[in-house]
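Data block below; observations after.
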Amino acid sequence: MNPQRGFTLLEMLLALAIFALLSLAGYQLLQGSLRAQQQSQQHTQQLSALNRLFAILEQDLKHALILPNAVIQQQPAFVAQQQATLLQFTRRNWLNPQGDARAALQQVRWDFSQQTLSRQRLDDGLTLTFPAIQHVNLRFYSTGRWQDRWTSQFSLPQAIEMTLTTAHWGEITRVLIVGNGR
């Protein structure tokens, strides 16, 4: 009688079960790494948007200036408040890489409403929005002290502290230097 060669049914089922468990573990590992990559991309995009917001605001404030004719005409040259319109002012050094016919000065307004911070150019209405911001608080530095309100519409503070509250990142505070118009 010839001895049987090969695997028994029980050995085959055991090998198949081990292979299935290894495949399942590999699939779970792949799914976990894909989920982590997606979350990482989402966090990177959110952080990039916040960095972009602060970079634009920093450039705006760095180039803020008070126009002499605004003071003469008694029109507010720098508006800062804790309401829907947070900041409104004129800035210089508006980049013009294509040499378009336009002024070198630009009026900008920063608004906060419905959990969205937005920057609007008042000359052409172009608006940039930064959503998912729950709260914005401003403080103003001038003459050696911080103030919760800026009452002078015809002078600039030396710095502005902006505190943003977001659902994802919590509270973020940045201190931004305000230009002197020179």
Looking at the structure I just gave you, is Arg91 at pLDDT 95 or above and either of a type in the set (Lys, Arg) or within 30 Å of Arg121 (Cα to Cα) (or both)? no
From the options Arg35, Arg52, residue that is at pLDDT 95 or above and either over 15 Å from Leu156 (Cα atoms) or among the hydrophobic types (A, V, I, L, M, F, W, C) (or both): Arg35
Of the residues in region 115-147, those that are in contact with a Lys or Arg (Cβ under 6 Å, 6 or more places away or on another chain) and over 26 Å from Ala104 (Cα atoms) number 1
With respect to Arg145, determine if the residue is exposed (fewer than 12 other Cβ atoms within 10 Å of the Cβ) and of a type in the set (D, E, K, R). yes
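The values are calculated or read from the model by the stated rules, or taken from the named source; none is laboratory data. All values derive from a computational prediction rather than experimental measurement. Don't worry about glycine lacking a Cβ; one is built from the backbone with ideal geometry, like all the others, and counts go over all protein chains shown.
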